[in-house]
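Report on the structure given below.
The values are calculated or read from the model by the stated rules, or taken from the named source; none is laboratory data. Bear in mind that the values here come from a model prediction, so they are computed numbers and not experimental data. Neighbour counts run over all protein chains shown; Cβ positions are idealised from the backbone, glycine included.
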Amino acid sequence: MRNLLTSLISIFFLVFTIIPTQAITDVEIESLVTTMTIDEKVGQLLMFGIGGTNVGQVAEAHITKRLVGGLVLFNKNVKNPVQLANLTTGLQQLSLKTPKGIPLLIAMDQEGGSVVRMKKGATVLPGNLALGATRSIVLAEKAGRLTAVELAAVGVNMNFAPVIDVNTNPKNPVIGVRSFGESPDLVAQMGTAYIRGLQRNGVLATAKHFPGHGDTNVDSHKKLPIITHDNKRIETVELRPFRAAIKANVAAIMSAHILYPELDPELPSTLSYNILTKLLRQKLGYKGLIITDDIEMQAIDANYESGKAAVMAIQAGADIVLVPWNLKKQQRVYNTLRQAVKNGRISETRLNQSVRRILKSKNDCNAFERKEEYRQTSTPFEEPIEIVGNYQHRETAQLIASQAITILKNDDNILPLSTDSKDPLLLLSPSRLFSNTFLKAHPELEHITPVIIPPKVNPEYILPVLLNNNAKLIVAGIQNAQQADLIHQFSQKTNKPIIVIMLSSPYLIAKCPDVKGAIAAYDDNYYSLFSAIEILLGKKQAVGKLPVTIP
């Protein structure tokens, strides 16, 4: 009987591999798991980074030798949509050469705003805080849909977005404008809308960073943050968006490298059974993928050897371990996980649970359906991909930006500026894009002197130059605390009115509180710049509502 069953499974799997042109059923997934070797199963638990913009030797070794189930792409891997489509196609074609021909998860951080990987030729949307300022669930879902359509067109089937951390800490160095705001309800509403937009259009969403990274003053890339809230606070603030995301059937949740002593007094979330299994799986009832944040970040790497951390993460309940950068650490993680399964530290039953979830997720994003497409693509893409960065998508980006712009301060009704004024205007610009957008969009304005202020600015040298200018009014675009400090010092030494446009965090206004006018643009992309300038000059009305509280 056992031999008959084995023969039937083998025949079924042979048919499955010959006809890979459609989604597979749960029964077929179970049959596939049954035929996989330990090495093939361990490979599915891995998501590695690669180098370069073409398929190289490292990528080939990861796929054909280590049998990795997923790859993550960064700026270094992306030049433009056509190149990216060729890269992802080449990577998927390599996956077809593995014994089971299981397609890859190919992921990127395409959050919008300050964290995007595909830029040139694509639609770079305003980020989450700008979306939060619109208060529009419709626009949040459109942002997810647009992002999914463009990612799917270039072969990316998983987005490490949205960030659903509730940013309650103005000094948060790593979340900030990446959050929808400080209200758990707003974050939940906008986050679930974005998730719907992604997943209804063939791209897996990843809610991050569980159980919440919004109230830290430490960047987990550099050090282990500690959040000391009690259970009541965690339930009502940090977990509320994640509960909503789970209800919305989010495909994946990314763990945070943060110590929550109330939830686990010893281990950071990524390595904690109490947090990933008891809380996320059992209490919250989550059935989708759990993926770690980058285990090479210092919050983990400074305290745990990478192979050990990978084993601990899987034991804690993670399904996929993310190792993006270092080849030696990738090899160590692969070898250590294989050994952990072979010596029983990770049981095959536990291994199979993760493999099933991973295969199901690949099925949900149409990866199995596209196998024949990858098999038949023999020549590289050369022509622009029409759907990526098209006119309708750019219009949506402009709409989001225009609905987000928020006036934070308007003393003496200094806003909007009169376009009829002939008074000299000093334009302090953090980039040529800002000054060029200002000047080109409104050539009727005369007597403008643009001055570029760099990201790192020394007030001692530049202030005398600014004070000697004959301008009657100063408009300044600022992106960071140093630039805000320059504006503050300037405001203390001149009686000329100053208007600031914040091209990143609106919290910057707290560092230059004496300016006459302040506009929050939230982002420094063209759409946000153009919309902020339109509102500065009274061409449109500002309708955005600040989604955080300024101290």
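Of the residues making up the range 132-163, those that are under 23 Å from residue 506 (Cα atoms) and within 14 Å of the chain's Cα centre (by Cα) are 143, 161, 162, 163. Would you be able to tell me the number of residues in the range 422-459 that are free of Cβ contacts under 8 Å to residues at least 12 places away in the same chain, polar (S, T, N, Q) and not in a helix (DSSP H, G or I)? Number satisfying all stated conditions: 1. Looking only at residues of the range 412-445 that are more than 26 Å from residue 462 (Cα to Cα) and of a type in the set (Asp, Glu), we find that the one that is modelled with the highest pLDDT is 412.
Every test in (1) closer than 26 Å to residue 357 by Cβ; (2) surrounded by fewer than 19 Cβ atoms within 10 Å (Cβ to Cβ) is passed by residue 137 save one, and that test is (1).
In the range 285-309, the residues that are touching a residue at least 40 places away in the same chain (Cβ under 8 Å) and in a loop (DSSP other than H, G, I, E, B) reach residues that are among the β-branched types (Val, Ile, Thr) and surrounded by 19 or more Cβ atoms within 10 Å (Cβ to Cβ) with C-beta atoms within less than 7 angstrom, at least six apart or across chains, in these pairs: 286/246; 286/253; 288/250; 288/253; 293/270.
Only residues in the range 365-380 that are under 10 Å from residue 89 (Cβ atoms) count as the first member; pair them with residues that are β-branched (Val, Ile, Thr), Cβ under 7 angstrom, at least 6 apart or cross-chain, and list the lot. That search, which allows pairs on different chains as well, returns 374/89; 377/89.
Each residue in the range 45-58 was checked for being in contact (Cβ under 8 Å) with a residue 12 or more places away in the chain and assigned to a helix (DSSP H, G or I), and 1 of them qualify. Residue 61 fulfils the conditions (1) assigned to a helix (DSSP H, G or I); (2) touching a residue at least 40 places away in the same chain (Cβ under 8 Å) except for a single criterion, (2). Among the residues making up the range 369-395, those that are touching a helix residue (DSSP H, G or I) at 6+ places or on another chain (Cβ under 8 Å), modelled with pLDDT of 95 or more and either of a type in the set (Phe, Trp, Tyr) or in a loop (DSSP other than H, G, I, E, B) (or both) are 387, 388, 389. Consider residue 350 carefully, then state whether it is at pLDDT below 95 and in a helix (DSSP H, G or I). Considered against the rule, which asks whether it is at pLDDT below 95 and in a helix (DSSP H, G or I), residue 350 comes out as no. Cβ separations smaller than 7 Å between residues 6+ apart or across chains give the following pairs from the range 258-274 residues that are without any contact (Cβ under 8 Å) to a residue 24 or more places away in the chain and over 18 Å from residue 297 (Cα atoms) to residues that are surrounded by fewer than 24 Cβ atoms within 10 Å (Cβ to Cβ) and not charged (D, E, K, R): 264/274; 274/263.
I want to confirm something. Restricting to the range 533-551 and keeping residues that are assigned to a loop (DSSP other than H, G, I, E, B) and among the aliphatic types (A, V, I, L, M), which single residue is modelled with the lowest pLDDT? By that ranking, first place goes to 537.
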